[in-house]
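Below is one structure, written out as structure tokens; the observations come after it.
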Amino acid sequence: MSSKQGNQALNKAIDVIDAIADGHRQLKDICDTLDLPKSTVHRILQGLIEARYIREVKGIGLVLGTKMIQLGIRAQKDMPLKEIAQPYLRELADKTKDTVHLGIKDEDEIFYLDKIPGERAIQLRSQVGDRLPLAATGVGKALMIDMPKMEWQRLITKQTNHNLEAMLARMEEYSQHDYSFDLEDNEDLVRCVAVPIRNKHNNIIAAISVTSIKEYMPDTRMQELISLMKVYSQKISEQLN
């Protein structure tokens, strides 16, 4: 098999795993989603099932296998940021009573590495492992702070329906003061304050946010939270360096 053919086969197998992870449980559904022949998907599934990356559950269909679970656990162990940050995230959640997120950049998206639920009556739907557009979230905009203006423009245009000039003006403000807001940009009534986490070279490697509904996040409180969150961001940075 040539290198090109090998890459194509690998990409198809990854696509099948991603489709199952997204909730496509049946062979026909996967074929339709990926626009691949039934024989091709069946052959890939047989290999993945034998390797324990995928398993078939009666009454449910295809789900991720035990090998994927093992790899996920190993990946978490190889990512010390979550373990280092967690006590500080819990302390921040206790102080604010709101939901605290830890996110990292994954191409043009954020990946929620951790979430500490708040104590408010209304709980947020976000989950660890969720991916969301960078430009549509507070954590995402905090991760964008050091990017060139052209990259801000690309992401805002691609990922949101918001006025470009207004969003660019906000990003200028966030870049100057090292914080960001989500002003119901992604979901109605949901607001958050986010700040980046930097390594010893001053590069942004992650971001944390405090998130709640608008009732608990008036403009004045959002401004007050910036300095508190920078304290916790600095604590995490010091433990990483």
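The values are calculated or read from the model by the stated rules, or taken from the named source; none is laboratory data. All values reported here derive from a predicted model rather than from experimental measurement. Cβ placement follows ideal geometry from the backbone for every residue including glycine, while neighbour counts extend to all protein chains displayed. Side chains are part of the model used for accessible areas, which takes the heavy atoms of the whole protein and leaves out ligands, DNA and RNA. Shrake-Rupley method; radii C 1.70, N 1.55, O 1.52, S 1.80 Å.
Just one residue in the set Lys214, Lys141 is touching a strand residue (DSSP E or B) at 6+ places or on another chain (Cβ under 7 Å), closer than 17 Å to Thr99 by Cα and charged (D, E, K, R); that residue is Lys214. In the range 203-216, of all residues being of a type in the set (A, V, I, L, M, F, W, C) and surrounded by fewer than 24 Cβ atoms within 10 Å (Cβ to Cβ), the one that is farthest from Met144 (Cα to Cα) corresponds to Ile213.
Criterion first (open to solvent by 50 Å² or more (accessible area, probe 1.4 Å) and modelled with pLDDT of 90 or more) does Gln234 satisfy it? Considered against the rule, which asks whether it is open to solvent by 50 Å² or more (accessible area, probe 1.4 Å) and modelled with pLDDT of 90 or more, Gln234 comes out as yes. The residue of the range 170-202 that is nearest to the chain's Cα centre (by Cα), among those that are under 18 Å from Lys115 (Cβ atoms) and open to solvent by 50 Å² or more (accessible area, probe 1.4 Å), is Asn186. For the range 145-155, the condition holds for at least one residue, the condition being that it is under 20 Å from Ser227 (Cα atoms), in contact with a helix residue (DSSP H, G or I) (Cβ under 7 Å, 6 or more places away or on another chain) and not charged (D, E, K, R). Within the range 160-181, being of a type in the set (S, T, N, Q) and within 23 Å of Ile197 (Cα to Cα) holds for Ser175, Gln176, Ser180.
Of the residues that make up the range 115-131, is at least one part of a strand (DSSP E or B) and touching a helix residue (DSSP H, G or I) at 6+ places or on another chain (Cβ under 8 Å)? Yes: the range 115-131 contains one or more residues that are part of a strand (DSSP E or B) and touching a helix residue (DSSP H, G or I) at 6+ places or on another chain (Cβ under 8 Å). Has the range 156-166 got at least one residue that is touching a residue at least 40 places away in the same chain (Cβ under 8 Å), surrounded by fewer than 21 Cβ atoms within 10 Å (Cβ to Cβ) and not β-branched (Val, Ile, Thr)? Looking through the range 156-166, at least one residue is touching a residue at least 40 places away in the same chain (Cβ under 8 Å), surrounded by fewer than 21 Cβ atoms within 10 Å (Cβ to Cβ) and not β-branched (Val, Ile, Thr). Looking at Leu143, is it closer than 23 Å to Tyr88 by Cβ, part of a helix (DSSP H, G or I) and under 14 Å from the mean Cα position of the chain (by Cα)? Yes. Residues in the range 128-145 that are open to solvent by less than 20 Å² (accessible area, probe 1.4 Å) and over 25 Å from Gln86 (Cβ atoms): 2 in all. Cβ-Cβ distances below 6 Å connect the following pairs, each with a first residue in the range 184-199 that is small (Gly, Ala, Ser), a second residue that is assigned to a strand (DSSP E or B), and a separation of six or more residues or different chains: Ala194/Ser180; Ala194/Ala207; Ala194/Ser209. Yes or no: Pro148 over 14 Å from Ile197 (Cα atoms) and either surrounded by fewer than 17 Cβ atoms within 10 Å (Cβ to Cβ) or in contact with a Cys (Cβ under 8 Å, 6 or more places away or on another chain) (or both)? Yes; evaluated as a whole, the condition is true for this residue.
Taking the criterion of being among the hydroxyl-bearing types (Ser, Thr, Tyr) and in a helix (DSSP H, G or I), the residues of the range 192-241 that qualify are Tyr216, Thr220, Ser227, Tyr232, Ser233, Ser237. Among the residues of the range 211-241, the one identified as aromatic (Phe, Trp, Tyr) and within 22 Å of the chain's Cα centre (by Cα) is Tyr232. Total residues in the range 1-34 satisfying the condition of being loosely packed, with under 13 Cβ neighbours inside 10 Å, modelled with pLDDT of 85 or more and part of a loop (DSSP other than H, G, I, E, B): the figure is 3.
Only a single item in (1) modelled with pLDDT of 90 or more; (2) farther than 30 Å from Glu151 by Cβ is not met by Ile122, and it is number (1).
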